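**Q** Here you go, one structure.
The values are calculated or read from the model by the stated rules, or taken from the named source; none is laboratory data. Since we're looking at a predicted model, the values are computed, not measured. We place every Cβ from the backbone using ideal geometry, glycine too, and count neighbours over all the protein chains shown. Calculation scope for accessible area: heavy atoms of the full protein, side chains included, ligands and nucleic acids excluded. Shrake-Rupley method; radii C 1.70, N 1.55, O 1.52, S 1.80 Å.
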Amino acid sequence: MRAPRRSTALIAAIAIAGAALIAAPVVASTPATAAPTGSIRINEVESNGGTPGDWIELLNTGTVDVDLTGYVVKDDKDTSSYVLPAGSIVAPGAFLVLDELIDGVGHFTFGLGGSDKVRLFDPSLTLVEERSWTGHAATSMGVRDADGATEWIATTASTKGAANTF
């Protein structure tokens, strides 16, 4: 007679657990979006003392928000780097500007030289994109999309946080 009691107790325990699962609220979780290939680009760079100093502008050219948490920005030296903090989300078509740290305000601690480069790495330190130049521009260096080609050239005006002008 003991076997049926165990079976009854087991069935009751399963029923209670099942009811708890049905009653438990379901919480949706959206994982951070990995940057789709080509959707984040180095869009403009001021290497000659902008406001407040040198700066780097990233652009999300994709159609979804991109989480750049843990991405790394470096110049031409591997010893100079800045890791983007948690919450570094870039909306589609939006810019993320990183400023040189001056008087406690800004992001990265390295300056950009006349002959230098900016490199963007994902959190695993895989190179996503890089832009280089051989001399300071009178304004800034920026990406221009023309006739299906992408050019890295001097802009006609620094457009920090806005579309480039040529």
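**Q** Condition check: open to solvent by 70 Å² or more (accessible area, probe 1.4 Å) and not β-branched (Val, Ile, Thr). Does residue 138 satisfy that?
**A** Yes: the conditions hold for residue 138.
**Q** Tell me which residues, restricted to the stretch 40-71, are among the polar types (S, T, N, Q), open to solvent by less than 10 Å² (accessible area, probe 1.4 Å) and under 13 Å from residue 92 (Cα atoms).
**A** Once the filter is applied, which keeps residues that are among the polar types (S, T, N, Q), open to solvent by less than 10 Å² (accessible area, probe 1.4 Å) and under 13 Å from residue 92 (Cα atoms), the stretch 40-71 yields only 60.
**Q** Specify which of the listed residues (113, 70) is over 15 Å from residue 42 (Cα atoms) and touching a residue at least 60 places away in the same chain (Cβ under 8 Å).
**A** The unique qualifying residue is 113.
**Q** What do you reckon, is residue 138 over 17 Å from residue 58 (Cα atoms) and either touching a strand residue (DSSP E or B) at 6+ places or on another chain (Cβ under 9 Å) or of a type in the set (Asp, Glu) (or both)?
**A** So residue 138 passes the test.
**Q** Same structure, new question: From the set of residues in the stretch 72-86 that are over 20 Å from residue 153 (Cα atoms), open to solvent by less than 60 Å² (accessible area, probe 1.4 Å) and not in a strand (DSSP E or B), which is modelled with the lowest pLDDT?
**A** 80
**Q** Tally time: how many residues in the stretch 106-120 are open to solvent by 30 Å² or more (accessible area, probe 1.4 Å) and among the β-branched types (Val, Ile, Thr)?
**A** Matching residues across the stretch 106-120 total 1.
**Q** Right, something else. Given the conditions (1) over 15 Å from residue 49 (Cα atoms); (2) in contact with a Gly (Cβ under 9 Å, 6 or more places away or on another chain); (3) surrounded by 12 or more Cβ atoms within 10 Å (Cβ to Cβ); (4) of a type outside the set (A, V, I, L, M), report the number of the one that residue 130 does not fulfil.
**A** The failed condition is (2).
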